[in-house]
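The values are calculated or read from the model by the stated rules, or taken from the named source; none is laboratory data. Keep in mind that this is a model prediction, so the values were computed, not measured. Note: ideal-geometry Cβ built from the backbone for every residue, glycine included; neighbour counts use all protein chains shown.
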Amino acid sequence: MDTGVDAPRVVNLVFFKPVKSYAKYWQMIGRGTRLRPDLFGPGQDKECFLIFDFCGNFEFFDEFPDGIKTSVSKTLSQKVFETKLHIVTTIRDLEVATPENDALAVNYVNQLHDAICGLDETRFEVRKSLRLVKAYKDRGRWQNLSVGDINDICSQLSHLPVYNHGDDELAKRFDLLTLRLQLALLNKAKATESLVQQVHEIGVHLYKKRNIPTVAEKIVTVNHVRDHEFWKTVDINQVEHIRTELRELVKFINKEDIKPVYTDFEDVVLEDKVEEKDIMSGYANLQTYKDRVETFIRKNKSHLVVSKLHKNIPITQKELELLEMFLYNGTNSTKDEYHSKIGDMPLGSFIRSVVGLDIEVVNRLFADFINNENLNPTQITFIKILINYLNVNGTLDKSLLVKPPFNEAHDAGIIGVFNDEGDIRKIISIIDTVNDNAG
């Protein structure tokens, strides 16, 4: 059975061709999860399936869990989005941050959050990342972003149509240039001088267009940009002011003048990384313990026990012990270090908090309750909030059922939404099952 062909209710699978794509690999395995009621007789349904792999697919994905990814050039809008995100995290990591820098970071976070909130969830490319889109529409998720969060945003959200497509392309290019200058200033990067020179040249060319009324209105800023003395003490907030003042004016520069300004951006970024970041000293040193473990878990989401946790399948004590060994060996850590850095949270619950709970699984958990109860709109809204929460967080502290976000539908939370104690007990029973299966 090839990928792209509708699958009947098969019992076992035979892999007859090599696959390098992560998506196709799991699509193939997914064929075996089709239900077969009464397979071995009335009430004796299919409980498991075998895979006969003749092409080494398992060995390949054991070594390369993410498969082979094709290199796709980032769009200009995506680069702008990600550079703002990197500025935010760089300001956050400064030992001493000024109120002005903190305010700029908050402004950028608000812009990024607004961009995600503006996504059209009916679009195909947005639906593919809908779980993360919904998660990051919550402004609270943008506080204290971890390395794993940043990776998720850059790999699954930043390429979505989040930028204002009404903007002139030259305005976006100027955004990218000045944002990269801000990042270089924060990192005291070698590329700063080159980026300053490029912005300075734009100021020189704009000065030649001062007869245009809209340029004349910004002549004070244009003159600052042309002044070499100005650049000796410039800071990121002044660069941001330049960006907002002049971005709509660069379109007036003659095309033959502006072309050289935007040449070879990618080399500038690579230069920053090579000159300013000692990336060979060990990636683990650049991350907190929690970030390192979260990154490892996400990379190994296909691991059997991690997958079980993601799909709410109970795990045995032996599987939990094997998972501990796999995690501690893979992150070069110990059980004592885990408890020291993470606390008393059980390993299964922590992993569930990283990978979340499969949305289809959560929907099935509440399907009978929704179908069998005569729910009013407020109760349906509450259940949707509960489903989304479990999808993102994996488990739920039941004390939260009377706190945000569960008091959005009613101030008293679950107690105010459901008058029937039987309904409340059913919901809590489902939550207990989910929490217990986290191990």
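Structure notes:
- Counted residues, region 364-377 - those being in a helix (DSSP H, G or I) and exposed (fewer than 14 other Cβ atoms within 10 Å of the Cβ): 6
- The helices (runs of 4 or more DSSP H) located wholly in region 35-136 include none with 1 or more residues which are at positive phi and among the aliphatic types (A, V, I, L, M).
- Total residues in region 58-99 satisfying the condition of being modelled with pLDDT under 85, closer than 17 Å to residue 172 by Cβ and in contact with a Pro (Cβ under 9 Å, 6 or more places away or on another chain): the figure is 0.
- In the set 172, 190, only one residue is at pLDDT 90 or above and among the basic types (Lys, Arg); that residue is 172.
- Condition check for residue 391: part of a loop (DSSP other than H, G, I, E, B), of a type outside the set (Asp, Glu) and on the phi < 0 side of the Ramachandran plot: no
- Residue satisfying all of: in region 290-341; in contact (Cβ under 8 Å) with a residue 12 or more places away in the chain and among the small types (Gly, Ala, Ser); farthest from residue 144 (Cα to Cα) among these: 302
- For region 180-212, a residue qualifies if it is surrounded by fewer than 22 Cβ atoms within 10 Å (Cβ to Cβ), of a type outside the set (A, V, I, L, M) and within 19 Å of residue 82 (Cβ to Cβ), and exactly one does: 187.
- Test: residue in region 75-82 that is over 26 Å from residue 297 (Cα atoms) and of a type in the set (A, V, I, L, M): yes
- Wholly within region 145-212, helices (runs of 4 or more DSSP H) carrying at least 1 residues that are within 26 Å of the chain's Cα centre (by Cα): 147-152, 169-187
- Every residue from region 326-348 that is more than 19 Å from residue 298 (Cβ to Cβ) and loosely packed, with under 13 Cβ neighbours inside 10 Å: 334, 335, 336, 339, 340, 343, 344
- Residue match in region 91-110 (condition: under 22 Å from residue 139 (Cα atoms), touching a Phe, Trp or Tyr at 6+ places or on another chain (Cβ under 9 Å), touching a residue at least 24 places away in the same chain (Cβ under 8 Å) and surrounded by 14 or more Cβ atoms within 10 Å (Cβ to Cβ)): yes
Yes/no matrix, rows are residues, columns are (1) among the β-branched types (Val, Ile, Thr); (2) in contact (Cβ under 8 Å) with a residue 24 or more places away in the chain; (3) not assigned by TED's automatic domain parsing to the domain that holds residue 349:
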{"position": "384", "(1), (2), (3)": "no, no, no"}
{"position": "389", "(1), (2), (3)": "no, no, no"}
{"position": "410", "(1), (2), (3)": "no, yes, no"}
{"position": "418", "(1), (2), (3)": "no, yes, no"}
{"position": "425", "(1), (2), (3)": "no, no, no"}
{"position": "433", "(1), (2), (3)": "yes, yes, no"}
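- Count of region 342-356 residues which are assigned to a loop (DSSP other than H, G, I, E, B), under 23 Å from residue 150 (Cβ atoms) and touching a residue at least 40 places away in the same chain (Cβ under 8 Å): 1
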